[in-house]
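The values are calculated or read from the model by the stated rules, or taken from the named source; none is laboratory data. Model, not experiment: these values are computed from the prediction. Quick reminder, even Gly has a Cβ in these numbers, built from the backbone with ideal geometry, and neighbours come from all protein chains shown.
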Amino acid sequence: MVFYHLNASGLGASSQCQLHQFLLTALGEAFQLEPVTRNVAELVRPNPPKRREEGELANFTPEEAALLLASVQADHRGEWFVFALSTGIRCGELFSLRWQDINWKSSTHSVSEMVVDDDGRVIIFGPRPPTTSALCISPRKPCSS
């Protein structure tokens with residue numbers, strides 16, 4: 001019933017999952033301390049809508065990508081944008097890259113960690129288990145130093 005109302009109010013899938021996890025944790029601790037007789041959050045599963053969340057960014061069109069690349073060409077950080085756009089790497093993955101993650105001979109890089117900012121606190125997730133390690137082809141244009 002709760003998730004029906006959350007879907008109707010337009011709350012996104014990620015937010016619903018976070019809310020469910022919060023309720024599971026809070027009621028689990030209450031159950032251990034014995035103010036409640038069971039954790040009712042274990043009885044329900046979120047049923048988020050299978051749609052794109054509003055506010056989620058869409059992919060660049062080829063024209064938008066060309067415009068972005070043209071606009072960052074003169075910037076000293078422009079190669080970061082070229083790399084990110086051509087590989088599809090996420091910001092958190094890009095910020096966690098180390099020199100050892102790049103294979104210059106095969107023009108590939110591996111993503112083993114992810115860096116996120118949690119209200120000013122930097123959190124590093126990883127390393128990923130070997131089965132989920134991502135391998136991405138790097139851009140053909142070599143980066144200038």
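Observations on the model:
- Checked against (1) modelled with pLDDT of 80 or more; (2) among the basic types (Lys, Arg); (3) surrounded by 10 or more Cβ atoms within 10 Å (Cβ to Cβ), Arg77 meets all criteria but (3).
- Arg77 meets the conditions (1) closer than 30 Å to Leu11 by Cα; (2) within 24 Å of the chain's Cα centre (by Cα); (3) without any contact (Cβ under 8 Å) to a residue 24 or more places away in the chain in every case but one. The failed one is (1).
- Qualifying residue in region 88-107 (condition: closer than 30 Å to Gln16 by Cα, at pLDDT 80 or above and charged (D, E, K, R)): yes
- Of the numbered criteria (1) modelled with pLDDT under 85; (2) more than 25 Å from the chain's Cα centre (by Cα), the one Leu33 fails is (1).
- Any hit, region 107-117, residues being part of a loop (DSSP other than H, G, I, E, B), of a type in the set (A, V, I, L, M, F, W, C), closer than 21 Å to Asn59 by Cβ and touching a Phe, Trp or Tyr at 6+ places or on another chain (Cβ under 8 Å): no
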